[in-house]
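Undergrad: Quick one: this structure, given as structure tokens, is what I'll be asking you about.
The values are calculated or read from the model by the stated rules, or taken from the named source; none is laboratory data. All of these numbers come straight from a predicted model, not from anything done at the bench. Glycine gets a Cβ as well: all are built from the backbone with ideal geometry, and neighbour counts include every protein chain shown. To get the accessible areas, we keep the full protein, side chains included, count just its heavy atoms, and leave off ligands, DNA and RNA. Shrake-Rupley method; radii C 1.70, N 1.55, O 1.52, S 1.80 Å.
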Amino acid sequence: MQHVWIVLGVLFVFLNIAAGLIWVERRLLALWQDRLGPNRAGPLGLFIVLADTLKLFFKEDWIPPFADKWVFILAPTVVVASVLMGLAIIPFAPGIVVADLNVGLMFFLAMSSLGVYSIVLGGWASNNKYSLLGALRGASQMIAYEVFMGLSLMGVVMLSRSFNLTEIVAAQEKIWYVFLQPVGFIIFFIAGLAETHRLPFDIPEAESELIAGFHAEYSGMKFGMFFIGEYLGISLISAMTVTLFFGGWLGPAFLPPVVWFFLKTFLFIGLFILLRASLPRPRYDQLMAYGWKLLLPLVLANLLITGAVALWLKS
Amino acid sequence: MFTDTVLLSATTPFSYFPIVLQLCAALGFVGLTMFATHFLGPKRKTSDKLVTFESGIEQKGNARQPVAIKYFLTAILFVLFDVEVIFFYPYAVNFRELGWDGFLAMLLFVAFFLGGFFYILKKGALKWED
């Protein structure tokens, strides 16, 4: 029974964070770009979240007749479901975790790679040239950065000797892994940006060239699912960054562990938004060259140096 | 060598049960929301919805045409490299027990890995303009 409550709690908390991020992102972007942002509906414009949600609920559920109907419905399902599944292995506090798997990290990587399907299926089912181009770009971007993401986490596994996230957090009692694995952290975060296709790496949707890329034909709640999926993805990558590199729930005792966890997570969500506010989008070939020619050798060197130093310290 | 008690402690089939619950909750949420909005919204079937909008380029031909081979090449590269990455995982957990011998073996593996990588680079698989 306890499992059911945790599952429902995680669902409730993260869906609310995702909805709240609609407002947070627009206000923060406005702050950093010297604008006002939404400030009309309710106190500080907070009711915009409610208005947006209601609008999405009461929009017409329209599927273009030229689209492939069932694949068109499947794509937004996959995007939200895969991210929610990824949240299952994150320990929010001692004992508060949906599934404390011994292969937790592998499970996270598996779920994050499932996200590729939503883009490819969505873009293909739309039967639109812009969508298909966005889908292809998204697919090769996400699978390429998948490799670097997997490799950047190996340093953490080498230090903690475990794939279990609870053990990884417990192993950071003395020192956070961001100090021992700075290169791993930076590459993980960059790969996380590319995986969630957020700006500056939002090449699959690039409004100025592809209109909206893979979800150009989507409207109503199906578009809403891509929208929620993006915010959930940001929350997931931020939560994983905190768990793996910033000591998860660990922190001085005057605040409960859950509060520490979410404080740190919100810091990284803020960083995601700051990057959107400040960086231009690279060209597609630049993104690929950056990944394969810079990140791959760097992450391999990080892996070998970590191994050599750890063995040298031991002997 | 592979009997790390900490690692094996949580392995029972039951520890995967919450994953099933999470899957039900996730699919339930998505399914219910999309099902509900299907009936909540209005339904007006007009041909105007098929008219070009936004950037206003006339529709031309089928969208599903052959595309640049480069995207496919990236996918193949992913399959190759991700399989090689999988070999790093067991090493990362056990590298302390394997010691310097294991490290040398890993260096050899990385050398092969990079050899393949440079071959691909020289072949121009990652060159996007031609």
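Undergrad: Anything in chain B that counts as a DSSP H helix reaching 18 Å or more along its axis (C-alpha) with Kyte-Doolittle mean of at least 1.6? List them, would you?
TA: Numbers: long enough: B:17-40 (34 Å, 1.77); B:69-86 (26 Å, 1.93); B:88-123 (39 Å, 0.96).
Those that clear 18 Å and a mean of 1.6 are B:17-40, B:69-86.
Undergrad: Then there's this: Would you mind estimating how fast region A:178-315 diffuses translationally, via Stokes-Einstein at 20 °C and 1.002 mPa s with the Kirkwood radius over Cα pairs, in µm²/s?
TA: Working: Rh = 17.1 Å.
For the chosen part, D equals 125 µm²/s.
Undergrad: Follow-up. Pairs of alpha-carbon atoms within less than 8 angstrom and 6+ residues apart define the contacts here; what relative contact order does chain A have, in percent? Could you put the intermediate results ahead of the total?
TA: Working: 451 pairs, mean separation 73.4, N = 315.
Normalised by residue count, the contact order of chain A is 23 percent.
Undergrad: Expressed in nm to one decimal, what extension gain is obtained for the pair A:SER315 and A:LEU31 from 0.36 nm per residue of sequence separation less their Cα-Cα distance? Walk me through the intermediate numbers first.
TA: Working: separation 284, 0.36 × 284 = 102.24 nm, distance 5.26 nm.
Stretched fully, the A:SER315-A:LEU31 segment lengthens by 97.0 nm.
Undergrad: Now a separate question. Once you have all Cα-Cα distances for region A:119-158, histogram them in 10 Å bins from zero and send the whole-percent values.
TA: Spelled out per bin, shortest first, that is 31, 33, 21, 13, 3.
Undergrad: Working from the alpha-carbon coordinates of chain B, get Rg over Rh, Rh being the Kirkwood radius.
TA: Values: Rg = 25.8 Å, Rh = 21.9 Å.
That ratio is 1.18, to two decimals.
Undergrad: If each of B:VAL79 and B:ILE57 carries a label point 7 Å out from its Cα toward its Cβ, how far apart are those two points in nm?
TA: 3.1
Undergrad: Running a GNM on chain B with Cα contacts under 10 Å, which residue among B:ASP82, B:ASP101, B:ASP48 ends up with the highest mean-square fluctuation?
TA: Of B:ASP82, B:ASP101, B:ASP48, the Gaussian network model singles out B:ASP48 as fluctuating most.
Undergrad: Please list, or write none, the aspartates and glutamates whose alpha carbon is within less than 19 Å of the alpha carbon of A:LYS55, excluding same-chain residues fewer than 8 places away.
TA: A:GLU25, A:GLU217, A:GLU230
Undergrad: Right, next: Along the charge dipole of the protein assembly as shown, which of A:TRP292, A:LEU274, A:LEU101 sits closest to the positive end, that is, farthest toward it, with unit charges on the beta carbon of Lys, Arg, Asp and Glu (+1, +1, -1, -1)?
TA: A:LEU274
Undergrad: Which pairs break 32 Å Cα to Cα here: A:LYS69/B:LYS123; A:LYS129/B:LYS43; A:LYS59/A:LYS264; A:LYS59/A:LYS129; A:LYS264/B:LYS70?
TA: Working: A:LYS69/B:LYS123 41 Å; A:LYS129/B:LYS43 27 Å; A:LYS59/A:LYS264 36 Å; A:LYS59/A:LYS129 25 Å; A:LYS264/B:LYS70 39 Å.
In this structure, A:LYS69/B:LYS123; A:LYS59/A:LYS264; A:LYS264/B:LYS70 lie more than 32 Å apart at Cα.
Undergrad: Next question. Measuring from label point to label point, each 7 Å out along Cα→Cβ, what is the B:THR12 to B:TYR119 span in nm?
TA: So the label points at B:THR12 and B:TYR119 sit 4.9 nm apart.
Undergrad: Which helices count as membrane-span-like in chain A under these terms: full DSSP H, at least 15 Å along the axis by C-alpha, Kyte-Doolittle mean of 0.0 or more?
TA: Details: long enough: A:2-32 (42 Å, 1.48); A:69-86 (27 Å, 1.84); A:104-125 (32 Å, 1.59); A:129-152 (34 Å, 0.60); A:182-195 (19 Å, 1.97); A:220-245 (38 Å, 1.33); A:257-278 (32 Å, 1.79); A:296-314 (27 Å, 1.78).
Helices meeting the span and hydropathy rule in chain A are A:2-32, A:69-86, A:104-125, A:129-152, A:182-195, A:220-245, A:257-278, A:296-314.
Undergrad: For region A:1-112, with the dipole built from +1 on Lys and Arg beta-carbon atoms and -1 on Asp and Glu ones, taken about the Cα centre, which of A:PRO43, A:THR53, A:VAL79 lies farthest toward the positive end?
TA: Going by the Cα projections, it comes out as A:PRO43.
Undergrad: Related question: Note down the magnitude of the dipole of the protein assembly as shown about its Cα centre, charges +1 on Lys and Arg C-beta and -1 on Asp and Glu C-beta and zero elsewhere, to the nearest 20 debye.
TA: Working: 30 positive and 28 negative charges, 130 e Å.
Around 620 debye, computed over the protein assembly as shown.
Undergrad: Roughly what would the spin-label model give for A:GLU209 and A:LEU279, points 7 Å off Cα along C-beta, in nm?
TA: If labels sit at A:GLU209 and A:LEU279, their model points lie 1.7 nm apart.
Undergrad: For the peptides A:24-37, A:292-305, what is the packing order when you average, over each peptide's residues, the other Cβ atoms within 10 Å and list the highest mean first? Intermediate values should be presented prior to the final figure.
TA: On the way: A:24-37: 14.6, A:292-305: 17.3.
Answer by packing, highest mean first, reads A:292-305, A:24-37.
Undergrad: On full extension of the chain, what length is gained from A:LEU46 through A:LYS174, given 0.36 nm per residue of separation minus the C-alpha to C-alpha distance? Provide the component values of the computation, followed by the final result.
TA: On the way: separation 128, 0.36 × 128 = 46.08 nm, distance 4.00 nm.
Additional length available on full extension: 42.1 nm.
Undergrad: Next question. Grab the DSSP H runs of the protein assembly as shown that are 4 residues or longer, score each as -39,500 (n - 2.57), total them, divide by all residues and round the 222 nm result to the nearest 500 deg cm²/dmol.
TA: Details: 18 runs with 295 residues, N = 445.
Mean residue ellipticity, 222 nm, calculated: -22000 deg cm²/dmol.
Undergrad: In addition: What Kirkwood hydrodynamic radius, in Å, does chain A give when the mean of 1/r is taken over all pairs of distinct Cα atoms and then inverted? Intermediate values should be presented prior to the final figure.
TA: Values: mean 1/r = 0.0490 Å⁻¹.
Final number for the Kirkwood radius of chain A is 20.4 Å.
Undergrad: Also, quick follow-up: Taking only Cα atoms of region B:70-122, what ratio of Rg to Rh do you get with Rh as the Kirkwood inverse-distance radius?
TA: Working: Rg = 13.3 Å, Rh = 12.3 Å.
With Rh from the inverse mean 1/r over Cα pairs, Rg/Rh is 1.08.
Undergrad: Give me Rg/Rg_expected for region A:1-127, where Rg uses Cα atoms only and Rg_expected = 2.2 N^0.38 Å with N residues. Don't jump to the answer; show the numbers that get you there.
TA: Working: Rg = 18.2 Å, N = 127, 2.2 N^0.38 = 13.9 Å.
Cα Rg divided by the expected 2.2 N^0.38 Å: 1.32.
Undergrad: Towards the positive end of the charge dipole of the protein assembly as shown, with charges on Cβ (+1 Lys, Arg; -1 Asp, Glu), say which of A:ALA194, B:PRO18, B:PRO66 has the farthest Cα.
TA: The one lying farthest along the dipole's positive direction is B:PRO66.
Undergrad: Leaving out ligands, DNA and RNA, calculate the buried accessible area for the pair B and A with a 1.4 Å probe, summed over both sides, in Å² to the nearest 100. Walk me through the intermediate numbers first.
TA: Numbers: alone 12360 and 15500 Å², together 21050 Å².
The buried area between B and A, both sides summed, comes to about 6800 Å².
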